[in-house]
Every structure is written in C-alpha cells, then in structure tokens.
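Reading through the structure tokens given below for one structure.
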Amino acid sequence: MAPHTGYVTKLPAPPKFSFASDNVAGAHPLVLEAIAAANAGHVRAYGADPITARTEIAFKELFDHDVVTQFAYGGTGANVFALASMLRPADAIVCAVQSHINVDETGAPERALGTKLITIPTVDAKLRPQDLEMVKSNIGNQHAPQPGIVAITQVTELGALYSVEEIRALSDAAHALGMHVYLDGARIANATAALGGTREALRSFTCDAGVDAMTFGCTKAGGIFGEAVVFFNNAFTDRSIYVRKQVTQLHSKMRFIAAQYEAMLHDNLFITLGGQANNAARMLFDKTSDISSLQLRTAPAANSMFPIIAKGPREQLQEWAHFYDWDVAANQVRWMTAWDVTEPEIDAFAAGVRALLA
Ligand SMILES: Cc1ncc(COP(=O)(O)O)c(C=O)c1O
C-alpha cells in the first residue's frame, strides 16, 4: 500500500514491538525452558501426569485454599468451560455490555451453553451491586431467564480495576440473590501486580472477596497457550471434568499447559511479568499524555489506555506501527503493552506519535 502523505517525512523508524495487545508478545524464556523440560519421556495423558499434579498443588498454595484447578486450551474455551460448570438450567449470565464473553467470543457462551447473556451498560466495563437491581424482577418469573451468574473481568476490557471492596460488595449482592460470581482473569497477572503485587493481594480480590470461580490467564502474561480454571466453590467441581471434555477443552498432552503454569507460579513470575507490562503502559502514558489531542487524562490502572486520534493521523500511525481501533465512531484506539516491551521501544512509539500529533 502506498504510504500516506507525511509518512516518510514525519515518522521516525517504526518500533519493532506492537502496542496492539498483550498476546502479540512471545513467551517468557522460563516458560520455554519449562516446556522443554516437560518434553522428556512418556507420561500419562489427559492430566494424569506428575507436572499437572504438582501444579494443581501449586495453585492450592497460591490461594492458600483447597481450590480445584483445571487447565483448558484458551481464554474463550476456559470461559465457556467454567460458566458451563456453574450454570443451572434456565440460568442467565449477567455481564457488562463490553465484556469479552459478550463481544469477543463470537457468541460462544450462548451457542455452547444455550444461555442468555443479560448485558448491563457501563462506562468502564465494571458491574456494581446496583446493576443487579435490574435483574431482580426476573427471579421467580417463569417467563424470564433466571439470573444465575454475575460475570466480571479483572482487569476489565476497558483497562479498569475493581478494588477488593468493589468485588466484595458485588459478590455479597449476588450471593444474597442466590447468584454466583465468576471472574474472567485473562489479565489476572496485571491485576495482581497493580493491586499490591503479592499472593495475598491476589487472594484478597478473588477467593477472599467471594468469587466462586475464575480463569487464571497464562497466555497474555507470557505463556504460549493455555488457561486455568480455578474453582473456589466446590459445588461446581463434581461434574466439571466431564464438562471440560464436553466443551472440547481437555488437552491430551496436559503436561505442556501445566508446565507453563508451574513456571509462572514459581517465584511469582506471573506477578513480575504483569508488573512489567503495567510499568510499560505507565511509561507510555508518561511519554505521551502531554499531547492534549490524545485526551489521556488518567494514568493506566494496568496495561492499557484508550487515546483519541483523528482518522487521518490514526491511519498513518497504524500503517507505521500496529495497534487496534477501539471505537471508530469516537476516534478511540487501544494501546496495550505486553510483558516484554522495553523502554527504547516505548520511546520509538512515543516519538512517532509525537511527530505526527504534537
Ligand atoms: C478479557 C478477556 N478474556 C478472555 C480472553 C481470551 O481469549 P482467547 O480465546 O483469545 O484466548 C481475552 C483475550 O483477549 C480477554 O481479553
């Protein structure tokens, strides 16, 4: 494609890294080493291997709780698997309208689970206890889907974080209505790093705050593939191994997913990598937020920000460096940082943005 006017003259050399997502990055060397080590010999398949057994115990230690952890192939599949394990017949899932399960899974939960998503309009993809008021009248109405699950995402799809108190208040409200709480933790590493950077912090906004089950992301944090579903509430676990297979998430060579998690949990590597991605976003914010047209008013809570860039310069920048549109009508894009982004790459990206916009 021919470059737009100004491309050659204004923009410096493009950064080598992308600011499109956290899944554009490769895997961390320790994850690769763990996979190579797991490759030796023959072991039992479908999760009956020693690495999976060790990693299941590592999750119990991580949460200091008798959790049941089951691995799945990917984020969408893990969401479907977890939700399928939690749903009762005629249950619906209450979620933010911007949630990944609503807008980015090609309708997988509806198709695979035969359920209804009740979507709540929000500004930051966060649900609040008062949002549950909207579905209260469904309860006991035989013509209405029964609100069974509140599904939240931490970090949210709009880069916001729930505080411990917010998750606790939402869980209390949900439980009072007989609902359960599910947390999509595709970016749990970033959330943990942002909310204190310790295992205690992780527990405080998950199991200790009343979450019944969650996904614990690996891919975005620096893995290759694979997600973990962690059940805190053992009401969902007796049939979950069957559900996992039924929704096609049982990996035969399970050791290779488990090995990635073993590496991620060892010495809290996931927190370190989540922190690196968050710091990179903060750096990018610090180097660009003075460009007023971007309208970057508050520092990123984790690893993403959503600046405004008019169509012309946006297209030139996107031809030069990779990042996604978020809301085209509002000229909003998403910049997201991965665990491996370096300061020189952030400088290179910020320099291009500045050359065109400042
Ligand atoms: C909030 C959230 N949940 C889940 C996923 C996982 O999706 P995938 O099926 O692409 O692994 C993503 C990926 O972008 C996500 O952002």
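The values are calculated or read from the model by the stated rules, or taken from the named source; none is laboratory data. Just so it is clear, the structure is predicted and the values come from calculations on it, not from any experiment. Ideal geometry is used to build each Cβ from the backbone, glycine not excepted, and the neighbour counts take in all protein chains shown. The accessibility values were calculated without ligands, DNA or RNA, using every heavy atom of the protein model including side chains. Shrake-Rupley method; radii C 1.70, N 1.55, O 1.52, S 1.80 Å.
The phi-based Karplus calculation (6.51 cos²θ - 1.76 cosθ + 1.60; θ = phi - 60°) puts the 3J(HN,Hα) values of segment 38-53 at 6, 6, 6, x, 9, 9, 5, 8, 6, x, 8, 9, x, 5, 5, 4 Hz, whole numbers, x for Gly and Pro. Across segment 167-180, rounded Karplus estimates of 3J(HN,Hα) from the backbone phi angles (6.51 cos²θ - 1.76 cosθ + 1.60, θ = phi - 60°) give 5, 5, 5, 5, 4, 4, 5, 5, 5, 5, 9, x, 9, 10 Hz, Gly and Pro being marked x.
Assigning unit charges at the beta carbon (Lys, Arg +1; Asp, Glu -1) and nothing else, what dipole magnitude in debye, to the nearest 20, does the chain show about its Cα centre?
Charge dipole, the chain, about its Cα centre: 520 debye, nearest 20.
Based on protein heavy atoms only, the chain ends up with 43 Å² per residue of surface accessible to a 1.4 Å probe. Shape class of the chain from the Cα gyration tensor (axes a ≥ b ≥ c, square roots of the eigenvalues): oblate, since a/c reaches 1.5 or more and a/b does not exceed b/c.
Under 10 Å from the Cβ of Met179, count the other residues' Cβ atoms, weight Lys and Arg +1, Asp and Glu -1, and hand me the total.
Working: positive: none; negative: Asp91, Asp212.
Around Met179, the surrounding residues sum to -2.
Cross-link candidates for Lys116: which lysines have Cα within less than 29 Å, leaving aside residues fewer than 8 places away along the same chain? Output for Lys116: Lys126, Lys136, Lys220, Lys245. Between Ser163 and His143, the contour length at 0.36 nm per residue exceeds the Cα-Cα span by 3.7 nm.
Amide H contacts under 5 Å for Ile118: Ile93, Val94, Cys95, restricted to partners 5 or more places along the chain or on a different chain, H placed in the peptide plane at 1.01 Å from N.
Which longest uninterrupted range of the chain lacks any trypsin sites (Lys or Arg not before Pro) assigned by DSSP to a loop state (not H, G, I, E or B) and surrounded by at most 15 other Cβ atoms within 10 Å?
On the way: sites that count: Lys16, Arg44, Arg239, Lys253, Arg297.
It runs 45-238.
Express the carbon and sulfur contribution to the solvent-accessible surface of the chain as a percent, rounded to the nearest whole number, probe 1.4 angstrom. The C+S portion of the solvent-accessible surface of the chain is 53 percent.
To check you understand DSSP bridge types, tell me what percent of the beta bridges within the chain (both residues inside) are antiparallel, rounded to 5.
Values: 16 of 33 bridges.
About 50 percent, rounded to the nearest 5.
Each residue of segment 210-225 was assigned a 3J(HN,Hα) from its phi angle through the Karplus curve 6.51 cos²θ - 1.76 cosθ + 1.60 (θ = phi - 60°); the sequence is x, 5, 8, 7, 8, 9, 10, x, 10, 4, 5, 6, x, x, 9, 7 Hz, with glycine and proline shown as x.
Using a 1.4 angstrom probe on the protein heavy atoms only, line up His65, His266, His180 by accessible area, largest first.
Values: His65 70, His266 125, His180 45 Å².
The ranking, largest first, comes out as His266, His65, His180.
Taking amide H atoms as placed 1.01 Å from N in the peptide plane, the amide H of Glu227 lies under 5 Å from those of Ala72, Tyr73, Gly74, each 5 or more residues away in sequence or on another chain.
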